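Student: Just dropping this structure here.
Please treat every number below as a calculation from the coordinates, not as lab data. No experiment lies behind these values; they were computed from the predicted model shown. Using ideal geometry, Cβ is built from the backbone for each residue, glycine included, and neighbour counts are taken over all protein chains shown.
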Ligand SMILES: Nc1nc2c(c(=O)[nH]1)N[C@H]1C(S)=C(S)[C@@H](COP(=O)(O)OP(=O)(O)OC[C@H]3O[C@@H](n4cnc5c(=O)[nH]c(N)nc54)[C@H](O)[C@@H]3O)O[C@H]1N2
Ligand SMILES: Nc1nc2c(c(=O)[nH]1)N[C@H]1C(S)=C(S)[C@@H](COP(=O)(O)OP(=O)(O)OC[C@H]3O[C@@H](n4cnc5c(=O)[nH]c(N)nc54)[C@H](O)[C@@H]3O)O[C@H]1N2
Ligand code: SF4
Ligand SMILES: [Mo]
């Protein structure tokens, strides 16, 4: 096999439009391990939202390798570099193996009973003194469905606090919000097989070559096949996706809405519209037409800093597509006017009638492997099974399922988003915070402030993780978690494919699954139903799964036809899966009836500019009745525009080799070696103007803080500076991009805007001939290589 660090995507297996993606089984075993010595245990990869089916190889009670599952519809056997190498972190020498309690300022080892007694006693005390609004929970997009559902029931139905959110707020809050605004309900309509069938792909703010490497393999195989799809890319960086594009719009970051309005302007102007579809299956097209009339390409070209002719070319490609797949990710969700922009991509899909048919869809993508489940279970800003917090009938259903009074479930307002939860902690009204499976001391914006909040002596901080992190360092209690491979559970990718991941090995030391920890906590708090029986009566993951499936009955994300047995042996299965669809459902909305009726919808919508929440009567006035909704939005100036003091736009993101705050990938030698340190990307024009050369040490400074790292002169557009956010304080002083980012959020989805801040850049020291420690194989390649 090729070296899959330097050759990220492996060999091509080209195929034609409408064909089946050929199998290619990728495998990696530790040196000296023979395949015939290995016991294979069914699982899927947890290092991004693609959810590639994979088997875990076990020998002598240890994980010794992985192999892609050829039978799986998602990846047909392939794995990317993170999938092939990332699992090694499970065996790292510095795994957390014992609970720890802070005594006299230091974390010391404790027994589970001591630690959980302390957590439960503190919870009871704070509940007695300050009530449920003093209690907060901040979870992940990386646990399993079963962990989340237990947490959602215990927090919302048991403790009765609205302060439960996921790091999905940083990740896919906008995806969920945009799907609700346009189609009435969360849930991506399309299928990965739409990549096989499409003739055009429109990628907005989505570096899939690095962030969903196996999805990119699929598209690459189409691009190398006999009927190459057209590709339109919107990204301020010249990514590997952009390099292959027919049209690359390297817009100024933060200007998505202006560009997308101009594209819609052109679609309407040239009548590249599916009138039959628009007339029968949508509402509010007139409002959209009026709005985008003000965005001729010349107007948008000025705002976005691209050529009007390129906007016209992009619109023509999109307008003449017969099978169009559009995708959005963080270049939309974490950028200025996030939900507004994501909705414009939905609008383009609707104008062209490109939904519910093979090769036609929009993917409002997920990022984390289990983000879909955080949303479905209601462990973030949503309620279980995509229920609407403003609909009393939905709250009554949950109360019935959980055997608690309706008024126990907070529904006087939307669930609290994480930046607001932290604000309450800052102000002192929130006194207890339990963080599971996320590392906010690297991943949240404006880190200096986050540190001040989490260090407050008045805040009791519990952190469950598998490794020591920048966040566990600040905790009052640290609980050691069992990781993927060490526990059984399910998770769902962005095309609704549900996978079962079986336990392959024992967790190290005393580490326990999040589910086991939450069940223990609920029991210690004595959380009961009205009839006196336990609120969380479950003992095994399977029991939790079955209970969750029951909670989804009749909802869009219906799991009632799924069971652990059904998920064993073959491919993952797509929800909805019920008695009528026992093998799952490839595409939603094939009859063009959307989940938008006033009684079923998950949300009544928002004003895209202000975030003002619509009420039932506003929504009812739209008479959606199963039709999709065009949501229009004007472009507005960003909250922090560049000026003479801060003349550059700062944007942040990922590299192919690291996952987030690197707790796993820094412990996989191949991956860590490929990107050992932070760097800053700058355009050749800005580098020349500032007297910066490749490898020079530079500082990037915003109104909030600064980072320093070596400069890579890359294919990023002029005026924009990029840094990876993977490196926190454990990686070295000054490496954290989030010291620089701004603590503002999108008005609708409340997702932090990690991709737009105004900064200045200065040179601190000469390179001494040493290039930046950035990869040569990705969007971060030096400009000579990309040009
Ligand atoms: N290797 C790797 N893969 C991952 C992850 C990882 O950490 N590492 N994380 C996973 C997760 S949780 C997520 S959410 C996804 C994220 O996956 P992506 O969204 O693909 O990754 P990012 O690098 O955050 O951002 C994508 C692109 O947005 C561009 N961008 C920045 N600002 C703007 C803008 O204003 N407009 C537009 N149009 N583009 C802009 C950036 O230049 C960048 O190339 O990746 C998943 N996969
Ligand atoms: N500047 C900037 N900041 C960003 C982004 C950006 O693009 N730019 N992207 C944002 C996005 S999209 C995301 S998703 C976030 C990610 O940010 P984080 O969620 O903070 O990143 P991770 O490093 O994945 O943290 C997950 C933690 O959970 C632990 N863990 C893994 N599995 C388990 C488990 O089963 N149980 C428990 N209890 N713990 C487990 C890991 O060891 C790790 O410490 O970062 C966000 N922050
Ligand atoms: S594409 Fe994502 S899910 Fe698939 S192997 Fe890579 S990291 Fe894992
Ligand atoms: Mo994410």
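Student: Taking neighbour counts of Cβ atoms within 10 Å as a proxy for exposure, in what order, fewest first, do 54, 419 appear?
Tutor: On the way: 54 30, 419 20.
With the fewest neighbours first, 54, 419 line up as 419, 54.
Student: How long are the semi-axes of the ellipsoid equivalent to the range 648-786, from square roots of 5 times the Cα gyration tensor eigenvalues, in whole Å, largest first? All intermediate terms of the calculation are to be shown ahead of the outcome.
Tutor: Values: eigenvalues 90, 77, 38 Å².
The three semi-axes for the range 648-786 are 21, 20, 14 Å.
Student: Next question. Based on the mean of other Cβ atoms within 10 Å per residue, sort peptides 25-34, 678-687 so the most packed one is first. The partial results should precede the final answer.
Tutor: Details: 25-34: 14.2, 678-687: 23.1.
In decreasing order of mean packing, 25-34, 678-687 become 678-687, 25-34.
Student: Calculate log10 I(q)/I(0) of the chain for q = 0.05 Å⁻¹, where I(q) comes from the Debye formula with a single equal point scatterer on each Cα and nothing for solvent.
Tutor: Debye intensities relative to I(0), on a log10 scale: -0.23.
Student: Calculate the spin-label point distance for residue 29 paired with residue 510, positioning each point 7 Å from the Cα along the beta-carbon direction, and give it in nanometres.
Tutor: Taking the simple label geometry, residue 510 and residue 29 are separated by 3.7 nm.
Student: Further question: Normalising by the residue count of the chain, find the relative contact order in percent from Cα pairs under 8 Å and 6+ residues apart. Show your work: numbers first, answer last.
Tutor: Details: 1952 pairs, mean separation 147.3, N = 787.
Reported as a whole number, the value is 19 percent.
Student: A further question follows. What number in nm² do you get for the range 180-267 if you take the convex hull of its Cα atoms and divide its surface by four?
Tutor: Numbers: hull surface 26.7 nm².
Convex hull of Cα atoms, orientation-averaged projection: 6.7 nm².
Student: Further question on the same structure: Enter the Cα centre distance for the pair the range 169-195 and the range 23-69, rounded to the nearest angstrom.
Tutor: Spelled out, the Cα-based centre of one part sits 30 Å from the other.
Student: Here's something else I'd like to know. If each residue of separation counts as 0.36 nm, what is the full-extension length gain between residue 617 and residue 94 once their alpha-carbon separation is subtracted? Mind showing how you got there, number by number?
Tutor: Working: separation 523, 0.36 × 523 = 188.28 nm, distance 5.54 nm.
Answer, rounded to one decimal: 182.7 nm.
Student: At a Förster radius of 22 Å, what calculated FRET efficiency corresponds to the Cβ-Cβ distance of residue 639 and residue 718, to the nearest 0.05?
Tutor: Working: r = 22 Å, r/R0 = 1.01.
Step by step, r from the Cβ atoms, then E = 0.50.
Student: With r defined as the distance between the Cβ atoms of residue 270 and residue 473 and R0 fixed at 51 Å, what FRET efficiency is calculated, to the nearest 0.05?
Tutor: On the way: r = 57 Å, r/R0 = 1.12.
That gives a FRET efficiency of 0.35.
Student: Still on this structure, please answer the following. For each of 631, 62, 230, 180, count neighbouring Cβ atoms within 10 Å of the residue's Cβ, then give the residues from fewest to most. Could the numbers behind the result be given before it?
Tutor: Numbers: 631 24, 62 14, 230 20, 180 29.
So the residues, fewest neighbours to most, are 62, 230, 631, 180.
Student: To continue, here is another question. Sorted by average packing, counted as other Cβ atoms within 10 angstrom per residue and highest first, what order do 147-156, 715-724 take? Please list the in-between numbers first.
Tutor: Values: 147-156: 28.9, 715-724: 23.3.
The most tightly packed comes first, giving 147-156, 715-724.
Student: Using R₀ = 35 Å, calculate the FRET efficiency as 1/(1 + (r/R₀)^6) where r is the Cβ-Cβ separation of residue 767 and residue 308; round to 0.05. Provide the component values of the computation, followed by the final result.
Tutor: Values: r = 39 Å, r/R0 = 1.10.
Calculated value: 0.35.
Student: Okay, moving on. Please report 389, 112 as a ranked list, fewest other C-beta atoms within 10 angstrom at the top and most at the bottom.
Tutor: On the way: 389 23, 112 16.
In order of increasing Cβ crowding within 10 Å: 112, 389.
Student: For a protection proxy built on the mean count of beta-carbon atoms within 10 angstrom, sort 332-338, 520-526 highest first, please. Please report the intermediate quantities before stating the final value.
Tutor: On the way: 332-338: 29.7, 520-526: 17.4.
Packing order, densest peptide first, comes out as 332-338, 520-526.
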